[in-house]
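To keep things clear, I will list the structure first and then write my remarks on it.
The values are calculated or read from the model by the stated rules, or taken from the named source; none is laboratory data. Model, not experiment: these values are computed from the prediction. Every residue, glycine among them, receives a Cβ derived from its backbone with ideal geometry; neighbour counts consider all protein chains shown. Areas reflect the complete protein model, heavy atoms only, side chains present, ligands, DNA and RNA absent. Shrake-Rupley method; radii C 1.70, N 1.55, O 1.52, S 1.80 Å.
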Amino acid sequence: MTQEIGGFAALELHPNIVAAVVATGYEEPSAIQQQSIPIILAGHDMIGQAQTGTGKTAAFALPILHRIDPSKREPQALILAPTRELALQVATAFETYAKQMPGVTVVAVYGGAPMGPQLKAIRNGAQIVVATPGRLCDHLRRDEKVLTTVNHLVLDEADEMLKLGFMDDLEVIFKAMPETRQTVLFSATLPQSIRAIAERHLRDPKHVKIQSKTQTVTAIEQAHLLVHADQKTSAVLSLLEVEDFDALIMFVRTKQATLDLASALEAKGYKAAALNGDIAQNQRERVIESLKDGRLDIVVATDVAARGLDVPRITHVFNVDMPYDPESYVHRIGRTGRAGREGRALLLVTPRERRMLQVIERVTGQKVAEVRLPDAQAVLDARIKKLTNSLSPLVGDAESTHGDLLDRLTADIGCSPRALAAALLRKATNGQALTLAAIEKERPLVPNNAPRGDRPERSGDRPDRGDRERRAPIPLAEGRARCRTALGARDGIAAKNLLGAILNEGGLAREAIGRIQVRDSFSLVELPEDGLERLLTKLKDTRVAGKQLKLRRYRED
Ligand code: AMP
């Protein structure tokens, strides 16, 4: 549908950028993109209040790509991100959007990797530098001129950067850049510390916030499931086993995802189809008609393609990809619970999107309960229930019409009626796993303890009660090792400094780090046992608050 492509084209971005975005499968700009792109294109400073999942990366990456000069081989834009993981993600996004802009290069600068090649890539003329603050400061110590040509600065997840103790590093970086630069700050929250930065370092910034009106959602039972992005398809297949649905709509973000998921569902025998902006109007109508009359049970759609879709048969909505904002969530789940019926809405949440879930809960004023993936027993029960439901109407008078045949066959074959019934069942169920053992074997799927990340049950979230607890060590979670550094509170260390340094220099995901206890003269950190020696070697030269970290394995006995 050309009007959706026009959605991006209307933003007056360079045609090669629009082409790359369309090739990526985006159909229309998200709300934060609609609002931010014109502001950044016009050269204003900006404060954007948005969290992961709103499309914020493209909201700054697209206009910045438009504003750089590919013929100049020098750093022109710097994006600061709190963690190595996010820096890599942002760098990859830039590369995707710059695919059709020859001559544009992107370098990611983060701890835990050798400094030489990073500096070389910057000196070789990468126009976009995506960095974590700590490592960038290390580079500045070697070459204080590295940032003098940068005239666009983006602080991504500014609140997280402050939480990880990067305030001082940020100040060093600001000073190393031209004052005339454009500065864009994205943050999920705007505490006083962030406002203070904005006041000091941004010039007359425009504010962008996706306004969220409270929305009411009735008659829809909502739940969420934590899952890693690459496990979504298997999670969806597992959920479908136990959800008792009539018709179902699944929402994803891109055209490609509609096609991929619909074909994965078809391969499992579901009557499913994709609905996206590329699908011609008459075909779209056919899909909707089929969903209405039961020739289809599942439609996998983008927001654009599902507009105006009203099918009373829909009992379930699966938000396979997170919506950009709470309004869109409410809109999506409103596809069910039509005509006074009850509906059920399930939301898949990746660890980084948990904050978006909180926003949705706040705006809708409702708790979206957590569910776990069904275990093998639940899948078995559901399969047997379906089988029972499909067979019981067939029994009727079958014995009077086919009973004699059964007698004859059992006699001819020389088997018991039970043996023959079992054979017929095997045929009818087409090899489907119908014992616990068989189900367990077929689904190494998603572990039932999907990512817990930094949730409360992690020992790391208990408040630090000081040295009194030393004689009663808290049991380590499985797979974790306790490590010790001689740096403590008296060295000016806080848990967030340790967390920031280990995340970035060690290249760990946040959830990999457990409890951090800062005592006066030392600190303890729980780290993954797997790969610990390698990690400690990586952290060998790491400094925190100007002092060597010297982290060592710690044994309490
Ligand atoms: P972010 O909030 O920047 O972390 O983006 C979250 C996800 O949304 C990423 O996987 C992006 O690729 C995707 N995304 C961003 N903008 C769009 C868009 N306009 N249409 C579809 N997907 C998008």
Would you check if Val109 is over 14 Å from Glu74 (Cα atoms), of a type in the set (A, V, I, L, M) and within 16 Å of the ligand (Cβ to nearest atom)? no
Could you tell me which of the residues Thr435, Thr388, Thr364 is farther than 21 Å from Lys232 by Cα, exposed (fewer than 14 other Cβ atoms within 10 Å of the Cβ), of a type in the set (S, T, N, Q) and in contact with a helix residue (DSSP H, G or I) (Cβ under 9 Å, 6 or more places away or on another chain)? Thr435
Just checking, how many residues over the stretch 293-330 are in a strand (DSSP E or B) and out of contact with any Ser or Thr (no Cβ under 7 Å at 6 or more places or on another chain)? 4
Any chance Gln76 is within 11 Å of the ligand (Cβ to nearest atom) and either in contact with a strand residue (DSSP E or B) (Cβ under 6 Å, 6 or more places away or on another chain) or on the phi < 0 side of the Ramachandran plot (or both): no
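Identify all residues within the stretch 305-338 that are of a type in the set (A, V, I, L, M, F, W, C) and within 14 Å of the ligand (Cβ to nearest atom); write none if there are none.
Of everything in the stretch 305-338, those that are of a type in the set (A, V, I, L, M, F, W, C) and within 14 Å of the ligand (Cβ to nearest atom) turn out to be Ala305, Ala306, Val320, Met322.
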Go through the stretch 26-60 and give me each residue that's under 22 Å from the mean Cα position of the chain (by Cα), more than 8 Å from the ligand (Cβ to nearest atom) and not in a helix (DSSP H, G or I). Gly48, Gln49
Does the stretch 95-108 contain at least one residue that is assigned to a strand (DSSP E or B), open to solvent by 10 Å² or more (accessible area, probe 1.4 Å) and closer than 21 Å to Val18 by Cβ? yes
Suppose we filter the stretch 202-213 for residues that are open to solvent by 40 Å² or more (accessible area, probe 1.4 Å) and modelled with pLDDT under 95; how many remain? 4
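Please tell me if Pro63 is within 16 Å of the ligand (Cβ to nearest atom) and of a type outside the set (Asp, Glu).
yes
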Does at least one position in the stretch 283-295 carry a residue that is away from the ligand (no atom under 16 Å from the Cβ), at pLDDT 90 or above, β-branched (Val, Ile, Thr) and open to solvent by 20 Å² or more (accessible area, probe 1.4 Å)? yes
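So, Lys99, is that one more than 16 Å from the ligand (Cβ to nearest atom) and basic (Lys, Arg) or not? Working first, answer last.
Values: more than 16 Å from the ligand (Cβ to nearest atom): no; basic (Lys, Arg): yes.
Taking the combined requirement at face value, the residue does not satisfy it.
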As an exercise: evaluate Thr92 against (1) within 12 Å of the ligand (Cβ to nearest atom); (2) in contact (Cβ under 8 Å) with a residue 60 or more places away in the chain; (3) hydroxyl-bearing (Ser, Thr, Tyr) and give the number of the one condition it does not meet. (2)
What single numbered condition from (1) farther than 22 Å from Tyr329 by Cβ; (2) outside any loop (DSSP other than H, G, I, E, B); (3) touching a strand residue (DSSP E or B) at 6+ places or on another chain (Cβ under 6 Å); (4) open to solvent by 20 Å² or more (accessible area, probe 1.4 Å) fails to hold for Lys232? (1)
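What are the residues in the stretch 16-41 that are touching a Lys or Arg at 6+ places or on another chain (Cβ under 6 Å) and within 19 Å of Ile279 (Cα to Cα), if any?
Scanning the stretch 16-41 gives a single hit, Gly25.
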From Arg426, Arg465, Arg482, Arg490, which residue is basic (Lys, Arg) and modelled with pLDDT under 75? Arg465
Within the stretch 271-292, restricting attention to residues that are without any contact (Cβ under 8 Å) to a residue 40 or more places away in the chain and assigned to a loop (DSSP other than H, G, I, E, B), which residue is farthest from the chain's Cα centre (by Cα)? Ala280
Selection from the stretch 497-543 of residues charged (D, E, K, R) and either in a helix (DSSP H, G or I) or closer than 16 Å to Leu476 by Cβ (or both) yields Glu505, Arg510, Glu511, Arg515, Glu526, Glu529, Asp530, Glu533, Arg534, Lys538, Lys540, Asp541
